[in-house]
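Working notes, beginning with the structure itself.
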Amino acid sequence: MAATSAPIKVDVGTDQLISHAAHFLGKAKKDVVELAVREYIETHRSEINEGIRAALSQLDGSSASAIALLTDVPVDHLQEYGGMPSGH
């Protein structure tokens, strides 16, 4: 299977940093970004896992808890935004 890529947007200053790093490292910009992101994620893995555990602890299997988590609206406030269909 061929690797696919997805565009990302960064500000002009960050793009210049990536361009300079790629030039002086003799790498493609996409390779610099990929390595930087992987390194960043590895460095912050425990924080990411902590966030995942916190998110999972908020889920109780209901649609309301999933919507509350995704929207950052407490379950008891969902009614203010139209509520949930009955049976959810």
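Taking the stretch 45-68, which residues are assigned to a helix (DSSP H, G or I), closer than 21 Å to M84 by Cα and of a type in the set (A, V, I, L, M)?
Once the filter is applied, which keeps residues that are assigned to a helix (DSSP H, G or I), closer than 21 Å to M84 by Cα and of a type in the set (A, V, I, L, M), the stretch 45-68 yields A55, L56, A64, A66, I67, A68.
When both residues are 6+ apart or on different chains and their Cβ atoms are under 8 Å apart, which pairs have a first residue that lies in the stretch 1-25 and is free of Cβ contacts under 8 Å to residues at least 12 places away in the same chain, and a second that is assigned to a helix (DSSP H, G or I) and not β-branched (V, I, T)?
S19/K29; A22/K29; A22/D31
With (1) surrounded by 11 or more Cβ atoms within 10 Å (Cβ to Cβ); (2) of a type outside the set (D, E, K, R); (3) out of contact with any helix residue (DSSP H, G or I) (no Cβ under 9 Å at 6 or more places or on another chain) as the list, and A22 as the residue in question, which single condition is left unmet?
(3)
Write out, first by first residue and then by second, each pair whose Cβ atoms fall under 9 Å of each other, whose residues are 6+ apart or on separate chains, and whose first residue, in the stretch 68-81, is without any contact (Cβ under 8 Å) to a residue 24 or more places away in the chain while the second is in a helix (DSSP H, G or I) and of a type in the set (S, T, N, Q).
A68/Q58; L69/Q58; V75/Q58; V75/S65; L78/T71; Y81/T71
Given the residues V10, V37, V32, which is the only one that is of a type in the set (V, I, T), surrounded by 11 or more Cβ atoms within 10 Å (Cβ to Cβ) and not in a helix (DSSP H, G or I)? Break it down into steps so the answer makes sense when it comes.
Numbers: V37 fails: not in a helix (DSSP H, G or I); V32 fails: not in a helix (DSSP H, G or I).
Checking each option against the conditions leaves just V10.
Every number here is computed from the coordinates shown, using simple stated rules; none is lab data. In this text the structure is predicted, and so the values were computed from the model without any measurement. No Cβ is skipped: glycine too gets one built from the backbone with ideal geometry, and neighbour counts run over all protein chains shown.
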